[in-house]
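The values are calculated or read from the model by the stated rules, or taken from the named source; none is laboratory data. Not measured: the values here are computed from a predicted model. Virtual Cβ from ideal backbone geometry, glycine too; neighbours counted across all protein chains shown. What goes into the accessible areas is simple: the full protein's heavy atoms, side chains included, and nothing from ligands, DNA or RNA. Shrake-Rupley method; radii C 1.70, N 1.55, O 1.52, S 1.80 Å.
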Amino acid sequence: MNLDEAIRNRKSVRQFLDTPVDRALVETILERANLAPSGTNVQPWHVHVAMGAKRDELVSAVLAHRENAPQDASAEFPRTSKRKEPYTSRMRQLGKDMYSLLEIPRGDERANFNQWGRNYKFFDAPVGLIFTIDKDLDAMSFLDIGMFMQNIMLIAHQEGLGTCSQGAWNQFHTVTRRVLSVPDDRFIICGMSLGYADPNAPVNTLVSAREPMSSFATFN
Ligand SMILES: Cc1cc2nc3c(=O)[nH]c(=O)nc-3n(C[C@H](O)[C@H](O)[C@H](O)COP(=O)(O)O)c2cc1C
């Protein structure tokens, strides 16, 4: 697979098969992803790989916790972004397209709650990745972790695996921290599901829209 093909064909997978993923393959993906660039080469990424019994323990603990609290009371790290256009329309469009593929009617709160909750089962993927960052690093290093994550997504895709990045995981940072023994000096910033995509799941046919280049590029 060449790079252009990988970039064009990768898309988020939200229904996985229970086919196990070899630990050696996960290690290969992470070793190659580690070649991501980072500002002054600080390599700020740390990833907690949840597989097997630990993955199941994490899923059970978060889902149990979520039945009583929709999310942790305090944010894991400052998230001050305001909902405004054009971003809200794009979010809404994604939600509309996804929920129509899932046949979840608008306003069905329980079905919505359950579907969002599938994030915390890693959409049935056998491998869950939780990305953390040292609390003393700044926004520049968050960029670096994004690049590391993108490498993982593209390499996984090349290896025949699917992924879904999941900001959802920082909503339950307290339980996640406890189960995975994440040190207190690190923020839990994002999760990612990793596994073999279910080829028959309608949700996996979702192709999200992109704005034209003229809307985001300014040539001076
Ligand atoms: C940082 C980040 C966080 C995300 N969080 C979630 C999430 O919590 N749950 C989810 O289903 N998808 C999540 N996504 C997937 C996005 O919705 C998806 O990347 C976007 O709609 C574009 O679709 P594509 O990945 O299929 O190209 C996240 C993606 C990124 C990059």
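List of remarks:
- Applied to segment 201-215, the Karplus parametrisation 6.51 cos²θ - 1.76 cosθ + 1.60 on θ = phi - 60° returns per-residue 3J(HN,Hα) values of 7, x, 4, 6, 8, 4, 10, 7, 6, 10, 6, x, 4, 4, 7 Hz, with x for Gly and Pro.
- Dipole magnitude (debye, nearest 20) for segment 141-208, charges at Cβ of Lys, Arg, Asp, Glu: 160 debye
- Rounded percent of accessible protein surface that carbon and sulfur make up, the chain, 1.4 Å probe: 53 percent
- Segment 1-160, Rg to Rh (Cα coordinates; Rh as Kirkwood inverse mean 1/r): 0.96
- In Hz, Karplus ³J(HN,Hα) per residue of segment 61-77 (6.51, -1.76, 1.60; θ = phi - 60°; x = Gly, Pro): 5, 5, 5, 5, 4, 5, 4, 9, 9, x, 6, 4, 4, 10, 6, 5, 8
- Using the Cβ-Cβ distance between E159 and N200 with R0 = 22 Å, the FRET efficiency computed as 1/(1 + (r/R0)^6) comes to roughly 0.60.
- Expressed as a fraction of 2.2 N^0.38 Å, the value expected for a compact globular protein of N residues, the C-alpha radius of gyration of segment 85-220 is 1.19.
- Of the listed residues L161, L35, the order by accessible area with a 1.4 Å probe, largest first, is L35, L161.
- Computed over the chain: relative contact order in percent, which uses C-alpha pairs under 8 Å that are six or more apart: 39 percent
- Of the residues S141, S100, ranked by 1.4 Å probe accessible area with the largest first, the sequence reads S100, S141.
- Among the GluC sites (Glu not before Pro) in segment 94-194, those placed in a DSSP loop whose Cβ has at most 10 other Cβ atoms within 10 Å are E103.
- Rounded FRET efficiency, nearest 0.05, which uses the C-beta distance separating L17 from E103 and R0 of 25 Å: 0.75
- As a calculated quantity, the FRET efficiency between N220 and L143 at R0 = 22 Å, using C-beta atoms, amounts to about 0.45.
- Close amide H partners of T163, meaning residues 5 or more places away or on another chain with modelled amide H under 5 Å apart, are V13.
- Put simply, the amide H of V127, placed in the peptide plane, has neighbours under 5 Å in L194, leaving out anything fewer than 5 places away on its chain.
- Across segment 119-124, coupling constants 3J(HN,Hα) worked out from phi with the 6.51/-1.76/1.60 Karplus curve, θ = phi - 60°, read 3, 7, 10, 6, 6, 6 Hz, and Gly and Pro carry x.
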